[in-house]
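Asks: Okay, here's the structure, questions in a sec.
The values are calculated or read from the model by the stated rules, or taken from the named source; none is laboratory data. Computed from a predicted structure; not experimentally measured. In this analysis, Cβ positions are derived from the backbone assuming ideal geometry, glycine residues included, and neighbour counts consider all displayed protein chains. What goes into the accessible areas is simple: the full protein's heavy atoms, side chains included, and nothing from ligands, DNA or RNA. Shrake-Rupley method; radii C 1.70, N 1.55, O 1.52, S 1.80 Å.
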Amino acid sequence: MGAVITPQLVDVVDTLTAVRSYSSGTTRQLTTCRVERWGLRMECPTPEDPFSDSEVTLLLPDLGLRLTQLRPRSRHARSGPSILTSVRVERDTRSWRTTDLLLGLAVPGGTTARIVRSEDFAAAVAGHVLLPGDADLALRTVHRTLEELSRYRHDLGTWLTDQGIYEVWPPM
């Protein structure tokens, strides 16, 4: 079965009201929405997810990446991998708009990162949902990031520190 071609996924974060609007039409009130010198830090509860309590996201516009980690509901549960997604970020004084370029990396911690969503990416390219320039940007971003992470033995915390981002990762 092939991947389903969908329209581009665009999220908009209003930093004044701390609301994240998804292309599906849903919105989420963010519990954390902080503009940092390196980008935007967000956190929101995930009440619809039976396994995750909240989602922590870092938007890294200079790197063309969105870093996401789901916090498990149970303190004893093992958290899933961090997900680095290639994105195009546009921002102004009030809002941050991200276009998902449908290609990313899953970084489980302690093991090698792997490329994810390649079927969605291929379907979007074939269906002209992603323009050639965005497809090239996604490929360059993901491959550059994978190469950089490999130099840090796939340790996201150390990689972030080297990028000048002093966030504890994965978040506690």
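Asks: Run the numbers on the chain and let me know its relative contact order in percent, using alpha-carbon pairs under 8 Å that are six or more apart.
Replies: Relative contact order here is 18 percent.
Asks: Round to a whole number: what % of the accessible area of the chain belongs to carbon and sulfur, probe 1.4 Å?
Replies: Using a 1.4 Å probe with all protein chains present, the chain comes out at 54 percent carbon and sulfur.
Asks: If amide H atoms are built 1.01 Å from N in the plane of the peptide, which residues on other chains or at least 5 residues away come under 5 Å of the amide H of residue 54?
Replies: Distant-sequence amide H within range of residue 54: 46, 71.
Asks: Going toward the positive end of the dipole of the chain, with +1 on Lys and Arg Cβ and -1 on Asp and Glu Cβ, which of 18, 168, 67 do you reach last?
Replies: 168
Asks: Counting only residues 5 or more places away or on other chains, whose amide H sits under 5 Å from the amide H of residue 103 once H atoms are built in the peptide plane?
Replies: 86
Asks: Now for a different question. Would you mind pulling out the separation of the Cα centroids of the stretch 62-88 and the stretch 42-57, in Å?
Replies: Between the Cα centres of the stretch 62-88 and the stretch 42-57 lies a distance of 11 Å.
Asks: Same structure, new question: Classify the stretch 64-137 from the C-alpha gyration tensor, please: rounded if a/c falls under 1.5, else prolate or oblate depending on whether a/b exceeds b/c.
Replies: oblate
Asks: Hey, can you rank 145-152, 117-124 by average C-beta count inside 10 Å, highest first?
Replies: The most tightly packed comes first, giving 117-124, 145-152.
Asks: Provide the FRET efficiency to the nearest 0.05 for the residue 24-residue 95 pair, computing r from the beta carbons and using R0 = 22 Å.
Replies: It comes out at approximately 0.80.
Asks: Suppose R0 equals 35 Å. What FRET efficiency, 1/(1 + (r/R0)^6) with r the Cβ-Cβ distance, do residue 144 and residue 76 give to the nearest 0.05?
Replies: Calculated transfer efficiency: 0.45.
Asks: Go through (i) 22, 21, 18; (ii) 45, 18, 11; (iii) 59, 18, 14 and flag the label whose value is the computed semi-axes √(5λ) of the Cα gyration tensor in Å for this structure.
Replies: (i)
Asks: Please calculate how many Å² of accessible area the chain carries per residue, with a 1.4 Å probe and no DNA, RNA or ligand atoms counted.
Replies: 55
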